Amino acid sequence: MKRNYEGIVVLNTQGKEDGVDDMVSGISKQMEEEGATMAQIDRLGKKEFAYNARHLAHGFYVNFQFNAEPAALPKIREFLNLNNDVHLQYFQKK
């Protein structure tokens, strides 16, 4: 049974500000390959961090809202951990 999820992904855009759309579409495509169905993707924009995390001063925030089987979420987290463009990620059930 598919569930609704919401996820915030912070992209490392340092030196690649023009490629944000490519990064977002690549991530959503990978999520769909794991069985997720995208409901909405909101590009929240570039925001400064409160402190310099891992030598980054800012990141580009993207909110993904999607439907997926609960078993797909660990797979989605795993490939996002391996993606060098993803700085942080957080998911919750809606």
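The values are calculated or read from the model by the stated rules, or taken from the named source; none is laboratory data. If you're wondering where the values come from, they're calculated on a predicted model, not measured in any experiment. Please note: Cβ atoms are built from the backbone with ideal geometry, for glycine as well, and neighbour counts cover all protein chains shown.
The figures follow:
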read-out: Check on Gly19, of a type outside the set (S, T, N, Q), at pLDDT below 95, surrounded by 13 or more Cβ atoms within 10 Å (Cβ to Cβ) and in contact with a helix residue (DSSP H, G or I) (Cβ under 8 Å, 6 or more places away or on another chain); value: no
read-out: The lone exception for Gln30 - which of (1) part of a helix (DSSP H, G or I); (2) surrounded by fewer than 13 Cβ atoms within 10 Å (Cβ to Cβ) it fails; value: (2)
read-out: Number of positions in the range 71-91 that are surrounded by fewer than 17 Cβ atoms within 10 Å (Cβ to Cβ), in contact with a strand residue (DSSP E or B) (Cβ under 6 Å, 6 or more places away or on another chain) and among the charged types (D, E, K, R); value: 0
read-out: Checklist (1) touching a helix residue (DSSP H, G or I) at 6+ places or on another chain (Cβ under 8 Å); (2) of a type in the set (S, T, N, Q); (3) assigned to a strand (DSSP E or B) applied to Gln40, failing item; value: (1)
read-out: Qualifying positions in the range 75-94 - touching a residue at least 60 places away in the same chain (Cβ under 8 Å), within 22 Å of Phe49 (Cα to Cα) and not in a helix (DSSP H, G or I); value: Asn84, Asp85, Val86, His87, Leu88, Gln89, Tyr90, Phe91, Gln92
read-out: Residue list for the range 1-27, restricted to those being outside any strand (DSSP E or B), more than 24 Å from Arg54 (Cβ to Cβ) and either β-branched (Val, Ile, Thr) or under 14 Å from the mean Cα position of the chain (by Cα) (or both); value: Ser25
read-out: Any chance Ala50 is in a strand (DSSP E or B) and out of contact with any strand residue (DSSP E or B) (no Cβ under 9 Å at 6 or more places or on another chain); value: yes
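This table checks each residue for (1) of a type in the set (Phe, Trp, Tyr); (2) in contact with a strand residue (DSSP E or B) (Cβ under 7 Å, 6 or more places away or on another chain); (3) touching a residue at least 40 places away in the same chain (Cβ under 8 Å).
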| residue | (1), (2), (3) |
| --- | --- |
| Asn12 | no, yes, yes |
| Ile27 | no, yes, yes |
| Glu33 | no, no, no |
| Thr37 | no, yes, no |
